[in-house]
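First the structure, in the form of structure tokens, and then the observations on it.
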4 protein chains.
Amino acid sequence: MTIRAGVLGATGYAGVELCRLLLRHPDAQPTAVGSVSFEGKKLYEVYPNLRELCGLECEGADAVIAASDVVFAALPHGLSQETAAACAAQGKKFIDLGADFRLDDPEEYVRWYGCEVIHPDLHRRAVYGLPELFREQIRGTDIVGNPGCYPTSVALGLAPALRAGAVETEGIVVDAKSGVTGAGRKPAQNTHFPDCNEAFSAYKVASHRHTPEIEQTLSTVAGQRATVTFVPHLLPVNRGILSTIYARRRPGFDLPRIRQLYEEAYRDEFFVRLPPEGTPVNLRDVRCSNFCDIQLYGDEHTGLLIVTSVIDNMVKGAAGQAIQNMNLLFGLPETAGLDMIPPAF
Amino acid sequence: MTIRAGVLGATGYAGVELCRLLLRHPDAQPTAVGSVSFEGKKLYEVYPNLRELCGLECEGADAVIAASDVVFAALPHGLSQETAAACAAQGKKFIDLGADFRLDDPEEYVRWYGCEVIHPDLHRRAVYGLPELFREQIRGTDIVGNPGCYPTSVALGLAPALRAGAVETEGIVVDAKSGVTGAGRKPAQNTHFPDCNEAFSAYKVASHRHTPEIEQTLSTVAGQRATVTFVPHLLPVNRGILSTIYARRRPGFDLPRIRQLYEEAYRDEFFVRLPPEGTPVNLRDVRCSNFCDIQLYGDEHTGLLIVTSVIDNMVKGAAGQAIQNMNLLFGLPETAGLDMIPPAF
Amino acid sequence: MTIRAGVLGATGYAGVELCRLLLRHPDAQPTAVGSVSFEGKKLYEVYPNLRELCGLECEGADAVIAASDVVFAALPHGLSQETAAACAAQGKKFIDLGADFRLDDPEEYVRWYGCEVIHPDLHRRAVYGLPELFREQIRGTDIVGNPGCYPTSVALGLAPALRAGAVETEGIVVDAKSGVTGAGRKPAQNTHFPDCNEAFSAYKVASHRHTPEIEQTLSTVAGQRATVTFVPHLLPVNRGILSTIYARRRPGFDLPRIRQLYEEAYRDEFFVRLPPEGTPVNLRDVRCSNFCDIQLYGDEHTGLLIVTSVIDNMVKGAAGQAIQNMNLLFGLPETAGLDMIPPAF
Amino acid sequence: MTIRAGVLGATGYAGVELCRLLLRHPDAQPTAVGSVSFEGKKLYEVYPNLRELCGLECEGADAVIAASDVVFAALPHGLSQETAAACAAQGKKFIDLGADFRLDDPEEYVRWYGCEVIHPDLHRRAVYGLPELFREQIRGTDIVGNPGCYPTSVALGLAPALRAGAVETEGIVVDAKSGVTGAGRKPAQNTHFPDCNEAFSAYKVASHRHTPEIEQTLSTVAGQRATVTFVPHLLPVNRGILSTIYARRRPGFDLPRIRQLYEEAYRDEFFVRLPPEGTPVNLRDVRCSNFCDIQLYGDEHTGLLIVTSVIDNMVKGAAGQAIQNMNLLFGLPETAGLDMIPPAF
């Protein structure tokens, strides 16, 4: 039986990518799409790449929820909580691509997003949807907070080292670079082509909202408080995130030993690939796919572990991971609908 | 039973795209790949996007042919003829992505490519593999000359008008723009990033080898000799071709009538899409897919028909169309393995 | 004595480029800048590249006019006429980078721009500022209509052939491609980085407002009515226009003879360069400069003359040409302040 | 009297940029250019942007030295030492854009570059040409080792903090991103347009040859041994470097105090700009100029100082700084020939 998937915020970049992937899912189909800005319009009128491939028309949220077994919300933060409540009331599963269900601590949510937790019970029920780290918890819930794009690349990039105590939990530096789709579909001056092309800069230095989310996951995995200096940059490409992560190795953990930890941790993870030593990872090699490629380096000179981790910000960093979570919620093979091979160019 | 597909020239851009698509084909699989430059290497060592997704190792041509039911050759011109002969001798189907089997007239082949036709019988047996125009002939052969990228965009863009006599067959101007993958994988000065980025120029003006191929198809469709001025340009994007085509309308053929001709011609063609009047086609909307999007304009001022036609040069212009031809040769649904949805970004 | 130059619309792309060039002009300086959107702000607050290089603050139009010997207006069409009148009343020279003074025929102006000619006397006094073609007239006026970017590339590309009667004045096709700065500074969906990057499309096909301007100049030069099919495309680069122009050669005009016409016409023109036969022109080679590079081709097959003409749309296509006109108005060497060497990359 | 400047390696990217800038220098001119690959060719035949602007023909090294008062060498490492000796013998000043005269310690040079110091006396005489830090020493020499591009951005970015003891000299992390011109003019697979466009990766992680150069300058400035983890990345733009630098603040040095240190250090430095707090620096804003823009951030959470520093890798990171050094050697104003205003787009 085909799962009926509803997508709210379908005309945003994450939303339309979700629709695109769901259209080729063997066990699910997008059955209703919601959009405030384009209600009444066909999705393909907004995204002509979908012409003749998707006849869905944008509807209001209630209609989308009613028509769905699972609802994905790709909405600005603050707007997902009532949707989650409506889904819970109607017994529908809910996967939030926004930030409303990512932070465990309601106070952190208030501090970073300026929004209140309205339904503490739902908030507690929600599971942070990073399957490679929290697979079992995800299987047991019906509300998923889908991770942010940067946090996904960082958590997968550091988890094996932190879990084994191979690196210090303080002084971690994350220098991350994201393609422009990360800024969303709405035109703005800094994403206007001539301002953005042949340009590069840091933004929200040490003040990006993904910081507490990154620290939360790293702390959970390490079993102790981890602190991170997080600096994102805007990269003049459409898709992809590369995070370069610096952490101090603890005594006894040389690079071969750390490499072994990663190989063990990800041996059975289809979506995490570890190229051989010395082969750099490139965001090109994961575009349009749900893969996370990770490479490790040791700076013998300074004792640091350096991790480079790449994902497609719109797939493993958003829509693809959301589908991976859906697969878990419904007991499907985790790779269902996610076997896209990244193009070489 | 899964069709065993061999790919010669697998480490070129068209070759690796073919492998990528074949890996997700429901009824075929790449079983052997050939490469002169990388014999003995795994394909994923050359293209790390394929890591853990394809274990094939590059072999010599004989081994590839022996292991295959159908052989695709993505080789420099002149090298496919002996391969075709070997396939014919062993009863294997052959699809040439190069130019050796595209031109009917052996003298044109000599003139434009400087190569001789070695096996006139095979040359005669070969069918020009543009399914939307020559579907029945393709079904009846075992040697296909897969069309060039530019000719595909032009032929689909003009065929309905020429077939109906709606435009003059002389004075056609094709101003075409192609992404850089069209120049192949081998680095060169004009495709070096800093030389190519933020740059744009015409090349091989009125002297490109695709000219006789374009004229051949247009003449066939029109039923009379068609002549074309063809000017290609190098576009600083990875993928895609947009051809802007100018032809003089004949009396009685206004734009609505011509539009109707196109709608009738392509009504049942899955891979040709005609957006509504006034909606421009964009090469972005067909990337990574086998679609050809076409838009028509009338210049009332000068009486011209203007056609804009976009394809992905590596899919409908190479690997995708080759698979479409394979599907025809083996009696499969024409869209098998080709249902990729172009990404929005 | 330094010429005091005022720039209205200084925070638009053409306006700021004008300021940048004027800041290094040996005989002129920007003394006042106007902006409706940013009045009261320093220009470098809007364009941080100018930090510590230009202390000008955006003012209202009246203040700018009062402080200037010459006023440049880089405003939306319709807004320059009253400014021109104010300048005329105060004895100031006026150079309009918009469209208000380009078309001789007031009715054409109404038809294409939807605006009325308010001051017919000023409109008649204005000269079309393409120095290579109309140098003497420019010297004798005080109101200049600075040409559009596309028309500049086309007029320079065809003038020698048309003037000599070497090509037909009917059936001319102009297939033009422009960088994104041509669309201005204001963000829009089609110039949003992810929509524009790795994309390419035609727009305003056979309906762009530069069409009558192109035809006006070509007709003037040819001495008879010239008609043009004009199709612009949006190119994913910041700067530059390449126009590919197709015209039917008249009997007796083979390529060598036409080439000679161009060499004679442009022998003394510093800003027009004719590379040797066979060397393609590339918009990269004229970026950030006032040059127009032109290459000629003959299609022996079809009898067409093919011209490729490249300029920097923001320099020779806007700010640079405006300064060239200022130099003429003030009796300065025409190249003053315009000797920038285009960077290689 | 105009200084006669010779450029060896003139057909490389740094070499041609040097020629371009020298052509507009008020007190110097390029009088001879050398190239091994293009001897006998005009420079504009290799770089058509220079057509009609530079008639120099590529010659051998001896001829270039003979014709020059100062010789710039933009050569692969190892090749500058004999040139320096020839210049010294003929009393000519010598500025090396390569690495042969950057490292004080001959053993470090051997270790990182695999070359021997041939002329220890010349090597000792050479001064590291970073004018903002070592102006007086440069004035007193005739052999300059022009700094590497990355080291320039890092040294200017950290010097005021290190000199004042505001940050620890250990544990410094430099995450740097460079445009593709940094890889030179020679085509290679990783700089082939389709491989490089829409791509991003780290390279030579913790093993790049600029590491010892960075540490040498930082140690000199700090007055004690400084160690750096240096990770460069390849950015899909033509020009520019952004270095994001992380250092641990020492007690008593909060951000306002550190900012004050920078303002004092760079108050009189024309080429270093410090935008106001919170305004990010962008490599776009320094393109084609000799500026270095620096922004400072404090991570209150972790106690780090974060510095972002941008330069044009080909100007302040190569050709522009070399001219700045020439100006010092000849007693010219330091900004002579270097007053280019970066374009806004």
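The values are calculated or read from the model by the stated rules, or taken from the named source; none is laboratory data. None of the values given here were measured: they were computed from a predicted structure. A quick note on method: Cβ atoms are made from the backbone with ideal geometry, for glycine too, and the neighbour counts reach across all protein chains shown. Please note that ligands, DNA and RNA were not included when accessible areas were found on the heavy atoms of the full protein model with its side chains. Shrake-Rupley method; radii C 1.70, N 1.55, O 1.52, S 1.80 Å.
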(Q) Name the single residue that is nearest to residue C:345 (Cα to Cα) among those in the range D:28-63 being out of contact with any Cys (no Cβ under 8 Å at 6 or more places or on another chain) and in a loop (DSSP other than H, G, I, E, B). (A) D:47
Q: Check whether at least one residue in the range A:281-289 is in contact with a helix residue (DSSP H, G or I) (Cβ under 6 Å, 6 or more places away or on another chain) and farther than 27 Å from residue B:14 by Cβ, and report yes or no.
A: no
Q. If only one of B:254, B:285, B:268 is open to solvent by 40 Å² or more (accessible area, probe 1.4 Å) and either facing another protein chain (nearest Cβ under 9 Å) or closer than 24 Å to residue B:326 by Cβ (or both), which one is it?
A. B:268
Q) Across the range B:238-257, what is the number of residues that are hydrophobic (A, V, I, L, M, F, W, C) and either over 22 Å from residue C:203 (Cβ atoms) or more than 25 Å from the chain's Cα centre (by Cα) (or both)? A) 2
Q. Hey, among B:318, B:336, which residue is under 16 Å from residue B:240 (Cβ atoms), in contact (Cβ under 8 Å) with a residue 24 or more places away in the chain and more than 7 Å from every other protein chain (Cβ to nearest Cβ)?
A. B:318
Q: Exactly one condition in (1) buried (at least 19 other Cβ atoms within 10 Å of the Cβ); (2) more than 18 Å from the chain's Cα centre (by Cα); (3) facing another protein chain (nearest Cβ under 9 Å) is not met by residue C:296; state its number.
A: (3)
Q: Looking for whichever is of a type in the set (A, V, I, L, M, F, W, C) and touching a Ser or Thr at 6+ places or on another chain (Cβ under 8 Å) here; the options are D:200, D:193. Which one fits?
A: D:193
**Q.** Test set (1) more than 8 Å from chain C (Cβ to nearest Cβ); (2) farther than 22 Å from residue A:46 by Cα; (3) surrounded by fewer than 24 Cβ atoms within 10 Å (Cβ to Cβ) - residue B:278 fails condition number
**A.** (2)
**Q.** Conditions (1) of a type in the set (A, V, I, L, M, F, W, C); (2) touching a Cys at 6+ places or on another chain (Cβ under 6 Å); (3) surrounded by 24 or more Cβ atoms within 10 Å (Cβ to Cβ); number of the one not met by residue C:95
**A.** (2)
Q: Scan the range D:159-197 for residues that are facing another protein chain (nearest Cβ under 7 Å), open to solvent by less than 10 Å² (accessible area, probe 1.4 Å) and outside any strand (DSSP E or B) and jot them down.
A: D:180, D:181, D:191, D:193, D:194, D:196
Q.
All but one of (1) within 14 Å of chain A (Cβ to nearest Cβ); (2) more than 30 Å from residue D:252 (Cα to Cα); (3) open to solvent by 10 Å² or more (accessible area, probe 1.4 Å) hold for residue D:301; state the number of the condition that does not hold.
A. (2)
Q | Number of positions in the range A:9-27 that are part of a loop (DSSP other than H, G, I, E, B), closer than 23 Å to residue A:182 by Cα and in contact (Cβ under 8 Å) with a residue 40 or more places away in the chain | A | 4
Q.
Against the conditions (1) on the phi > 0 side of the Ramachandran plot; (2) assigned to a helix (DSSP H, G or I); (3) among the hydrophobic types (A, V, I, L, M, F, W, C), where does residue D:326 fall short? Just the number, please.
A. (1)
Q | Condition check for residue B:76: within 17 Å of the chain's Cα centre (by Cα) and surrounded by fewer than 19 Cβ atoms within 10 Å (Cβ to Cβ) | A | yes
(Q) What's the number of the only condition in (1) in contact (Cβ under 8 Å) with a residue 60 or more places away in the chain; (2) surrounded by fewer than 24 Cβ atoms within 10 Å (Cβ to Cβ); (3) not small (Gly, Ala, Ser) that residue D:56 fails to meet? (A) (1)
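Just checking, which of A:225, A:248, A:259 is in contact (Cβ under 8 Å) with a residue 12 or more places away in the chain, assigned to a helix (DSSP H, G or I) and open to solvent by 10 Å² or more (accessible area, probe 1.4 Å)?
Being in contact (Cβ under 8 Å) with a residue 12 or more places away in the chain, assigned to a helix (DSSP H, G or I) and open to solvent by 10 Å² or more (accessible area, probe 1.4 Å) holds for just one of A:225, A:248, A:259, which is A:259.
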Q: Taking only the range A:98-141 into account, find how many residues are closer than 25 Å to residue A:266 by Cα, of a type in the set (Asp, Glu) and open to solvent by less than 50 Å² (accessible area, probe 1.4 Å).
A: 1
(Q) Consider the range A:4-43. How many of its residues are crowded, with 20+ Cβ neighbours inside 10 Å and either touching a Phe, Trp or Tyr at 6+ places or on another chain (Cβ under 6 Å) or not basic (Lys, Arg) (or both)? (A) 24
